[in-house]
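Asks: Just dropping this structure here.
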Amino acid sequence: MKILSIFGTRPEAIKMAPLIKALESEPGITSVVCVTGQHRAMLDQVLGLFEIRPEHDLGVMVPDQTLNGLSARVLGALDTLLTSISPDRVLVHGDTTTAMAASLAAFHRRIPVGHVEAGLRTYDMGQPWPEELNRRVVDIASDLLFAPTASARSNLEAERLAGRIVVTGNTVIDALRLTTDRLRGDADLRARLDTQFNQLRPDRKLLLVTGHRRENFGAGFANICSALAALSLRKDIEIVYPIHLNPNVRGPVRAALEDRPNIHLIEPQDYIPFVYLMQRSHLILTDSGGVQEEAPSLGRPVLVMRDVTERPEAVASGNVRLVGTDPQRIVREVAALLDREAISAAFVPHGSPYGDGGAAARITATLTGRSVEEFSPQFPVAAE
Ligand code: UD1
Ligand code: UDP
């Protein structure tokens, strides 16, 4: 069976990497990887770390790309590729433009599609935008739906997609475990990271920040920056903010927050240093999907700068709180958590509802016709 995995951005690469490794070691499967290059530097960081060498690279990224331009380039390039390599199945991940266009291209060529991380929903087309549309398109174009959790399965069943769903856990937890194992087992690596981040004072609380959602461009980012500027007046914290390469994020964030002694604006980090920073952080402030899923496994509390989330499990279990982008609310919520003693014990009691590190194995087994015991979120996995 020839399986073509198609992905294009940093989070897709992190979450597909464990699955690519599992597919490569499966005797009945010929695994072929195509990256669209929707991201360039941020994708290549991940490919290098996980030693994935794509057979095909569409190289579609242009600076400040538009959704329509990007979709058109991916659709056009994939049509040619799908015809020439004729895979038995295409696998895509999540809700990016790459995933949406690739599933559509495969559907048009009557090639079966498997959707990894199927069934996430906010039921609000504007948040996240355009991802809420993208994931619905991918789900209806797919005949195999790998849902990370039981609630994702319920969403799909409510849309009459039952019969093609397997609950696998999220492959991000597989990737995270590989990385935390590596960090744990390699004292030299840890020492190098300690040196790399030696400007962070251990006597201060570390607030780790990421943000990139399109619906936060403009007013949302202005609000987030004004909250961070207010928080930076506290002398007991350090703020570390790896800034996404999107120019709509980079420009405003740099202009608003440069030259503040306890705000460290840094480049997007390779996955290992980023996991190290999550482990060192006291609190994470983000609008990222992946970070919401990873942090509970690490026992780190997360405030999500969004009004709605497609990842309700960690909100329900108390690991994650939605705070929106109102600056006063962000400052209030961060301060309340920073000032509370024994923060991890109080805020993160339940471990991870997103996976146990076995998602890639469950997906591979399903693809080869073996039965799998589904991931059960009734038994969340304890934080490390
Ligand atoms: C994309 C996804 C979003 C995902 C996010 C993860 C869509 C519509 N959006 O958003 O769902 O959460 O990735 O990070 O699919 N750029 C670079 N180098 C890079 C990456 C980006 O220069 O390595 C710049 C380019 O100017 C590019 C711009 O960022 O045009 C936007 O990239 P794009 O992938 O379109 O959107 P993201 O905001 O990254
Ligand atoms: N991440 C990373 N380096 C960074 C910031 C994030 O490796 O500087 C990782 C993070 O751990 C998570 C993924 O990138 O696995 C999330 O990507 P992003 O926030 O860009 O996208 P989303 O998950 O929101 O789609």
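Asks: On the protein heavy atoms, probe 1.4 angstrom, tell me the percent of accessible surface of the chain carried by carbon and sulfur. Working shown, then result.
Replies: Numbers: 7940 of 15050 Å².
Here carbon and sulfur together make up 53 percent of the probe-accessible area.
Asks: What is the stretch 205-248 by shape, rounded, prolate or oblate, if you read a ≥ b ≥ c off the alpha carbon gyration tensor as root eigenvalues and call it rounded for a/c under 1.5, prolate for a/b larger than b/c, and oblate otherwise? Display every interim value, and only then the final one.
Replies: Values: a/c = 3.20, a/b = 1.71, b/c = 1.87.
It comes out oblate by the Cα gyration axes.
Asks: A further question follows. Rounded to the nearest whole Å², what accessible area per residue is found for the chain with the 1.4 Å probe?
Replies: Working: 15050 Å² over 384 residues.
Roughly 39 Å² per residue, with all protein chains present.
Asks: Gly59's amide H: which non-local residues (gap 5+, or another chain) put their own amide H closer than 5 Å, with H modeled 1.01 Å from N in plane and none for Pro or chain starts?
Replies: Gly37
Asks: While we're here: Running a GNM on the chain with Cα contacts under 10 Å, which residue among Asn155, Asn68, Asn134 ends up with the highest mean-square fluctuation?
Replies: Most flexible of the set in this elastic network: Asn68.
Asks: Return the calculated 222 nm mean residue ellipticity for the chain, to the nearest 500 deg cm²/dmol, obtained by summing -39500 (n - 2.57) across DSSP H runs with n ≥ 4 and dividing by the residue count. The partial results should precede the final answer.
Replies: Details: 16 runs with 176 residues, N = 384.
Value at 222 nm, helices only: -14000 deg cm²/dmol.
Asks: Quick one, can you get me the convex hull of the C-alpha atoms of the chain expressed as volume per residue in Å³? Can you show the working numbers first?
Replies: Details: hull volume 49.5 nm³, N = 384.
Cα convex hull per residue, to the nearest whole number: 129 Å³.
Asks: Select from the stretch 234-271 those trypsin sites (Lys or Arg not before Pro) which occupy a DSSP coil region and have at most 16 other Cβ atoms within 10 Å, ordered by residue number. Display every interim value, and only then the final one.
Replies: Working: sites: Arg234, Lys235, Arg250, Arg254; in loops: Arg234, Lys235.
Within the stretch 234-271, the qualifying trypsin sites (Lys or Arg not before Pro) (loop, at most 16 other Cβ atoms within 10 Å) are Lys235.
Asks: I've got another one for you. If a/c stays under 1.5 just call it rounded; otherwise compare a/b with b/c (prolate if a/b is bigger, oblate if not). Do that for the stretch 236-292, with a ≥ b ≥ c from the square roots of the Cα gyration tensor eigenvalues.
Replies: Details: a/c = 1.80, a/b = 1.20, b/c = 1.50.
Oblate is the answer for the stretch 236-292, as a/c is 1.5 or above yet b/c matches or exceeds a/b.
Asks: Counting Lys and Arg as +1 and Asp and Glu as -1, each charge on the Cβ, what is the dipole of the chain about the Cα centre in debye, to the nearest 20? Each step should come with its number before you reach the end.
Replies: Working: 41 positive and 46 negative charges, 53 e Å.
That gives a dipole near 260 debye.
Asks: If you keep only loop residues by DSSP, which GluC sites (Glu not before Pro) in the stretch 195-291 have at most 15 other Cβ atoms within 10 Å of their Cβ?
Replies: On the way: sites: Glu215, Glu238, Glu258; in loops: Glu258.
Those satisfying the criteria are Glu258.
Asks: Among bridges DSSP assigns within the chain, what percent are antiparallel (round to 5)? List each step's numbers first, then the result.
Replies: On the way: 1 of 40 bridges.
Close to 0 percent.
Asks: Using each residue's phi in the stretch 322-339, evaluate 6.51 cos²θ - 1.76 cosθ + 1.60 at θ = phi - 60° and report the 3J(HN,Hα) Karplus result to the nearest Hz, with x for Gly and Pro.
Replies: Going residue by residue, I get 7, 10, x, 10, 5, x, 5, 5, 4, 4, 5, 5, 5, 4, 4, 6, 5, 7 Hz, with x marking Gly and Pro.
The values are calculated or read from the model by the stated rules, or taken from the named source; none is laboratory data. Remember, predicted model here, so these are calculated numbers, not experimental data. With ideal geometry, Cβ positions are generated from the backbone for all residues, glycine too; neighbour counts draw on all protein chains shown. For accessibility, only protein heavy atoms count, side chains too; no ligands or nucleic acids. Shrake-Rupley method; radii C 1.70, N 1.55, O 1.52, S 1.80 Å.
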